[in-house]
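The values are calculated or read from the model by the stated rules, or taken from the named source; none is laboratory data. Note that the structure is a prediction, hence the values are computed from the model and not measured. Methodologically, a virtual Cβ is constructed for each residue, glycine included, from the backbone with ideal geometry; neighbour enumeration extends over all protein chains shown. For accessibility, only protein heavy atoms count, side chains too; no ligands or nucleic acids. Shrake-Rupley method; radii C 1.70, N 1.55, O 1.52, S 1.80 Å.
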Amino acid sequence: MAELAELEDPKAREMNERHGDDHGVNLGKLRAIAKRLRTQQELARELWATDDTAARLLALLICRPKAFGRDELDVMLRQSRTPKVHDWLVNYVVKKSPHSEELRVAWYADPDPVVASAGWALTTERVAKKPDGLDLTGLLDVVEAEMKDAPDRLQWAMNHCLAQIGIEHPDLRARALAIGERLEVLKDYPTSPGCTSPFAPAWINEMVRRQTEK
């Protein structure tokens, strides 16, 4: 904790706070500490218990994902106060957990939109890698009915799922594009030069174009 405190950088904090993250540690330096520490599950649990954002991010880098129980991961997600902690927990830990599918189903239906966004993120992973058994048409129905008015974090996750369905499943691409065009979610989102817009039709078309060029 003392080492993390020494890495506090006002410029890093200002940049992180723009994205809703309350810490001032450069993520490159944080990863360097994690590389030095390697996997240490008990230390990861102790760091998580501090409720400090930088410490929790470090915990997620040095933990052993398969060592967490289903209920433990559920509690950790609900304790994740900032977007970066939430995203790293889902992407670096839950996706590698044997409980990921059970949690996906539970979180997807959760009334808390931030928790539900984790369920949608895990669903998007399945759309891309293991779609068998998913009701993709049903997912598009939900997106069409609910994404426009969903809270920001949930809307972003639903939009990612919409784009992934359009990219990975040609038979549903026309409908995915039509939904994106009609709802116009993230259509005006500021995008840096050279980056792909998160607006679903632009995203789908760009990724399909890249696939056809390979």
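So, Ala121, is that one assigned to a helix (DSSP H, G or I), over 26 Å from Leu43 (Cα atoms), open to solvent by less than 10 Å² (accessible area, probe 1.4 Å) and not charged (D, E, K, R) or not? Give the derivation first.
Details: assigned to a helix (DSSP H, G or I): yes; over 26 Å from Leu43 (Cα atoms): yes; open to solvent by less than 10 Å² (accessible area, probe 1.4 Å): no; not charged (D, E, K, R): yes.
Spelling it out, it is not the case that Ala121 is assigned to a helix (DSSP H, G or I), over 26 Å from Leu43 (Cα atoms), open to solvent by less than 10 Å² (accessible area, probe 1.4 Å) and not charged (D, E, K, R).
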- Filtering the stretch 124-155 down to residues that are aliphatic (A, V, I, L, M) and part of a loop (DSSP other than H, G, I, E, B) yields Leu134, Ala150
- Out of (1) open to solvent by less than 10 Å² (accessible area, probe 1.4 Å); (2) part of a helix (DSSP H, G or I); (3) not basic (Lys, Arg), the odd one out for Gly24 is which? (2)
- Task: Of all residues in the stretch 57-73, count the ones that are in a helix (DSSP H, G or I) and open to solvent by less than 30 Å² (accessible area, probe 1.4 Å).
- Result: 7
- Message: Could you list, ordered by first residue, the pairs with Cβ atoms under 9 Å in which the first is in the stretch 43-59 and in contact (Cβ under 8 Å) with a residue 24 or more places away in the chain and on the phi > 0 side of the Ramachandran plot and the second is in a helix (DSSP H, G or I) and surrounded by fewer than 15 Cβ atoms within 10 Å (Cβ to Cβ), at least 6 apart or interchain?
- Response: Asp51/Gln79
- Residues of the stretch 116-167 being touching a residue at least 40 places away in the same chain (Cβ under 8 Å) and charged (D, E, K, R), which ones? Arg153
- Log entry, pairs with first residue in the stretch 28-39 being in contact (Cβ under 8 Å) with a residue 24 or more places away in the chain and closer than 19 Å to Asn16 by Cα, second being among the basic types (Lys, Arg) and surrounded by 12 or more Cβ atoms within 10 Å (Cβ to Cβ), beta carbons closer than 6 Å, six or more apart or on different chains, reads none
- Query: Which residue out of Ile179, Ile167 is open to solvent by less than 80 Å² (accessible area, probe 1.4 Å) and more than 20 Å from Asp152 (Cα to Cα)?
  - Reply: Ile167
- Lone unmet requirement of (1) in a helix (DSSP H, G or I); (2) open to solvent by 40 Å² or more (accessible area, probe 1.4 Å) for Asp51: (1)
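Does Leu154 fit the bill of being at pLDDT 95 or above and open to solvent by 20 Å² or more (accessible area, probe 1.4 Å)? So that I can check it myself, show each step before the final result.
Working: at pLDDT 95 or above: yes; open to solvent by 20 Å² or more (accessible area, probe 1.4 Å): yes.
Answer is yes for this residue.
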- Message: Among the residues of the stretch 74-90, what is the count of those that are under 15 Å from the mean Cα position of the chain (by Cα) and open to solvent by 40 Å² or more (accessible area, probe 1.4 Å)?
- Response: 4
